[in-house]
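J.: Shown below is the structure under consideration.
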Amino acid sequence: MMRSGIKGLMEFGNHEHSLVGNLKNIYTAFSVILIWTIVVTVALTALAGVGTNEIRALLAAKIFSVTAPAAVQVSVFLNFFLACIFAPLWEELAYRYVPLGLAKSLEIILVRGFSHEIRRNLGVEYDYSRGHLFGSLKGTGFVLFAMLLSSIVFGLNHGSVINIMFQGVSGFIFAWLMIKSGYWSAVIAHSMWNFMLMFGMPVILK
């Protein structure tokens, strides 16, 4: 079940490892996050009676101040730098790159100890010449667990449990993007999304 879930997740998106393929995956990730955010916003507003100010506060958690217009006006460049450059760089490193790297390392250690028959049943193999796993990503579930756990922590660190619905889900999608297209693709998508939160959502949620 875990293996099929990971395999299905990785089948989604563009498989072309090129600039065009990476751009398509960035576009896919951004679009999915945008659609999800709109759906959750509508649901919270209509079903739970959450106001637009509360939604704005949830979306802007730890990105920039929405309560001090004068301060934001004076330091708009600093806010842009922190939200759209600094935050994506370090958050993708801390919440995605490192946990996913550790998960892959654990899988390598585990799978290397398996017999060829067990590896074949899992749908994975270990390439001793290059030192990595290959196959139907990767059978053991460490990667998916790392994606889920890091996304929950990412959401909680942006506020409360409800932030898992916003930043947590976006973190999971950034993790998917990192696996598909690499660190810099995830940073770019994260930067684009934070830019949208800074300049797009306040207008939409007036």
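J.: Taking the options 152, 173, 188, 118, name whichever one is β-branched (Val, Ile, Thr) and modelled with pLDDT under 90.
T.: So the residue among 152, 173, 188, 118 that is β-branched (Val, Ile, Thr) and modelled with pLDDT under 90 is 118.
J.: Among the residues of region 138-195, count how many are within 11 Å of the chain's Cα centre (by Cα) and among the β-branched types (Val, Ile, Thr).
T.: 5
J.: If a residue counts only when it is buried (at least 24 other Cβ atoms within 10 Å of the Cβ) and hydrophobic (A, V, I, L, M, F, W, C), which helices (runs of 4 or more DSSP H) contained entirely in region 157-206 have at least 1 such residues?
T.: Where helices (runs of 4 or more DSSP H) fall fully within region 157-206 and carry at least 1 residues being buried (at least 24 other Cβ atoms within 10 Å of the Cβ) and hydrophobic (A, V, I, L, M, F, W, C), they are 167-181, 183-195.
J.: What's the number of the condition residue 54 fails, among (1) in contact with a helix residue (DSSP H, G or I) (Cβ under 9 Å, 6 or more places away or on another chain); (2) closer than 29 Å to residue 184 by Cβ; (3) modelled with pLDDT of 75 or more?
T.: (2)
The values are calculated or read from the model by the stated rules, or taken from the named source; none is laboratory data. Quick caveat: nothing in here was measured; it's all calculated off a predicted structure. With ideal geometry, Cβ positions are generated from the backbone for all residues, glycine too; neighbour counts draw on all protein chains shown.
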